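One structure is given here, and the rest of the page talks about it.
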Amino acid sequence: MTKSELIEALAKKQPHLALKDVELAVKCIIEKMNQALSSGKRIEIRGFGSFSLHKRSPRMGRNPKTGETVALSEKHVPHFKPGKELRDRVDEARENFEIMD
Amino acid sequence: MALTKADFAEKLFDELGLNKREAKEMVELFFEEIKSSLEEGKQVKISGFGKFELRDKSSRPGRNPKTGEEIPITARRVVTFRSGQKLKARVETYAGAEQ
């Protein structure tokens with residue numbers, strides 16, 4: 001499922017809203033999530049999961065092409081922990097559905 | 001304070017002029033739609049954010065960390081998230097206080 005398919009599916013479930021408004025709403029939610037995470041804020045959605053940042057310590061890395069050593073500074077990476085309802089639903093349905101894009 | 005569904009609904013109310021009920025419903029449906037897609041085995045790719053992927057894990061031996069007792073971990077399907085380039089780049093530079 002892609003973002004545009006998500007928008008279409010949501011529009012079908014809210015026929016009182018214009019497709020354009022659903023599209024704006026989806027973009028608005030995504031932008032809010034991006035903003036929160038890039039300012040170090042956690043996101044907690046009950047039943048869905050939580051997003052947070054994990055710290056990566058500074059380390060010496062290597063350029064895989066040249067073998068040259070490079071110093072990599074500390075950084076943060078986004079992390080998602082699925083909530084219980086999502087975990088259970090996905091696992092319980094696994095025998096009925098193949099994984100696909 | 002962590003962001004919750006109420007914060008997203010408020011943003012939709014403030015910025016798009018949806019009424020409170022519509023805004024709340026939109027946020028509920030947004031996360032529900034992703035959940036049902038994943039439930040049906042369909043991975044979800046949201047450009048500008050990231051991809052929710054599914055993985056089938058086979059069973060493996062496990063251990064109760066408290067008692068040391070061996071218990072098998074059953075085969076299961078799990079959800080993983082891979083952040084997109086744009087989000088990764090925005091987050092990487094974050095250097096503020098720990099959450």
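The values are calculated or read from the model by the stated rules, or taken from the named source; none is laboratory data. The structure presented is a predicted model; accordingly, all values stated were derived computationally and were not measured. Every residue, glycine among them, receives a Cβ derived from its backbone with ideal geometry; neighbour counts consider all protein chains shown.
Looking at (1) at pLDDT 95 or above; (2) among the hydroxyl-bearing types (Ser, Thr, Tyr); (3) surrounded by 14 or more Cβ atoms within 10 Å (Cβ to Cβ); (4) farther than 22 Å from A:Arg89 by Cβ, which is the one condition that is false for A:Ser50?
(4)
Take the residues of the range A:2-24 that are facing chain B (nearest Cβ under 7 Å) and in contact (Cβ under 8 Å) with a residue 12 or more places away in the chain: which is nearest to A:Val70 (Cα to Cα)?
A:Lys3
List the strands (runs of 3 or more DSSP E) that sit entirely inside the range B:28-99 and contain at least 1 residues that are among the hydroxyl-bearing types (Ser, Thr, Tyr) and surrounded by fewer than 18 Cβ atoms within 10 Å (Cβ to Cβ).
B:76-83
Is it the case that some residue within the range A:44-62 is touching a Gly at 6+ places or on another chain (Cβ under 9 Å), without any contact (Cβ under 8 Å) to a residue 24 or more places away in the chain and at the interface with chain B (Cβ under 7 Å from one of its Cβ atoms)?
yes
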